[in-house]
1. Within region 192-208, is there a residue that is more than 15 Å from D117 (Cβ to Cβ), open to solvent by 70 Å² or more (accessible area, probe 1.4 Å), without any contact (Cβ under 8 Å) to a residue 60 or more places away in the chain and of a type in the set (D, E, K, R)?
2. Go through (1) of a type in the set (A, V, I, L, M, F, W, C); (2) under 30 Å from Q174 (Cβ atoms); (3) modelled with pLDDT of 90 or more for A91 and report which single condition fails.
3. Quick one: is K126 under 30 Å from A205 (Cα atoms), open to solvent by 70 Å² or more (accessible area, probe 1.4 Å), at pLDDT 85 or above and in a helix (DSSP H, G or I)?
4. Please indicate, with yes or no, whether at least one residue in region 141-151 is in contact (Cβ under 8 Å) with a residue 24 or more places away in the chain, surrounded by 18 or more Cβ atoms within 10 Å (Cβ to Cβ) and over 20 Å from the mean Cα position of the chain (by Cα).
5. Being touching a residue at least 60 places away in the same chain (Cβ under 8 Å) and either part of a helix (DSSP H, G or I) or crowded, with 17+ Cβ neighbours inside 10 Å (or both) is the filter here; which residues of region 103-123 pass it?
6. Has region 216-232 got at least one residue that is under 25 Å from A132 (Cα atoms), of a type in the set (S, T, N, Q) and under 32 Å from the mean Cα position of the chain (by Cα)?
7. Which of the residues belonging to region 151-164 are part of a helix (DSSP H, G or I) and at pLDDT below 80?
8. Considering every residue within region 80-102, establish whether at least one is among the hydrophobic types (A, V, I, L, M, F, W, C), assigned to a helix (DSSP H, G or I) and exposed (fewer than 14 other Cβ atoms within 10 Å of the Cβ).
Amino acid sequence: MQKPSDRKARWRVGIAFFFLFAFIIALSYGASYILDLGKLQEDSDAREGEAALQGASDAKGIEEALRQHPQNRFLQFIAMATRVADETDAALEKLSNDIAPPLVSKNISLANANRADLEALRRDLKTAEANATTFLPRYAALLKAKRDTMEKNARSLHIENGTVSRFLRSVDKQHAEIAAYTSRMLPARTDFYRAYENYVAVLAAEFGAYKVVNGQFIFPLQRTVDRYNAAAQAMNVAAKRVDELEQEKAGLAKSQAERWTQFVNGK
């Protein structure tokens, strides 16, 4: 019987946990702020800042605009939001690396793995599964800390209270949407890690009894074939659910990116 593609399995497991969110969050601050431009557009800083941001769609361009207009409060605010988003990106990436142990994302050929390799992979998959169940509160705590930093810095720039409040409400809405997505993605990831671990467990239990021919695992007994096929099917179903959510994530990220680009170009 043919096992699922090692390459596909590695790809599905190796997707960094919520790396997408670092990107979405980085965009959400700017996308949220666009909702509040009505008041700031009446301010000369806003008009000057928008002009300076023409064509700037990344942190480097924003920092360059601020360097040319160091006293502009609008640019100071946007640059601050971008820096905090970058810090959030780095913190989330580190957290993602902590969730998935090294072997989970390592390129392992199951067809060439020995028993020790398989057992080590099983342990890391179990760890990843356990870690996934604790990610949401840690993720929420990280977002809250960064939100608090945003508010503190915004107020230090003496941005009008009503403007700051509206901005933060927009950020909160964005974070709520991301949290809702996360609450669906985490169980899907957990299911996948569990299904993949069960799949590897079959190989570990039958190590030495099966052969690998042209990328296919050949087992001597039909009951083992049935057990293997059931584990492979469960893994494929779990992977499909993760793939569907990844597509949803991609759409959300694209929408956020478009809104941010329009914002920094004053549209």
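The values are calculated or read from the model by the stated rules, or taken from the named source; none is laboratory data. Only a predicted model underlies this, so the values are computations on that prediction, with no experimental measurement involved. Here the Cβ is made from the backbone with ideal geometry for all residues, glycine too, and neighbour counts use every protein chain on show. Accessible surface is based on the protein model in full, side chains and every heavy atom, while ligands, DNA and RNA are left aside. Shrake-Rupley method; radii C 1.70, N 1.55, O 1.52, S 1.80 Å.
1. The initial filter retains those residues of region 192-208 that are more than 15 Å from D117 (Cβ to Cβ), namely 192-195, 198.
Within this subset, residues satisfying the condition of being open to solvent by 70 Å² or more (accessible area, probe 1.4 Å) are 194, 198.
With the extra rule that they be without any contact (Cβ under 8 Å) to a residue 60 or more places away in the chain, the set shrinks to 198.
Cutting the leftovers down to of a type in the set (D, E, K, R) gives us none.
No, every residue in region 192-208 fails to be more than 15 Å from D117 (Cβ to Cβ), open to solvent by 70 Å² or more (accessible area, probe 1.4 Å), without any contact (Cβ under 8 Å) to a residue 60 or more places away in the chain and of a type in the set (D, E, K, R).
2. Tallying (1) of a type in the set (A, V, I, L, M, F, W, C); (2) under 30 Å from Q174 (Cβ atoms); (3) modelled with pLDDT of 90 or more, A91 fails exactly one: (3).
3. Taking the combined requirement at face value, the residue satisfies it.
4. Within region 141-151, one or more residues are in contact (Cβ under 8 Å) with a residue 24 or more places away in the chain, surrounded by 18 or more Cβ atoms within 10 Å (Cβ to Cβ) and over 20 Å from the mean Cα position of the chain (by Cα).
5. V104, S105, I108, L110, A113, R115, L118, E119, L121, R122 - these are the residues of region 103-123 that are touching a residue at least 60 places away in the same chain (Cβ under 8 Å) and either part of a helix (DSSP H, G or I) or crowded, with 17+ Cβ neighbours inside 10 Å (or both).
6. No, the conditions are met nowhere in region 216-232.
7. Correct list: N161, G162, T163, V164.
8. Yes, region 80-102 has at least one match.
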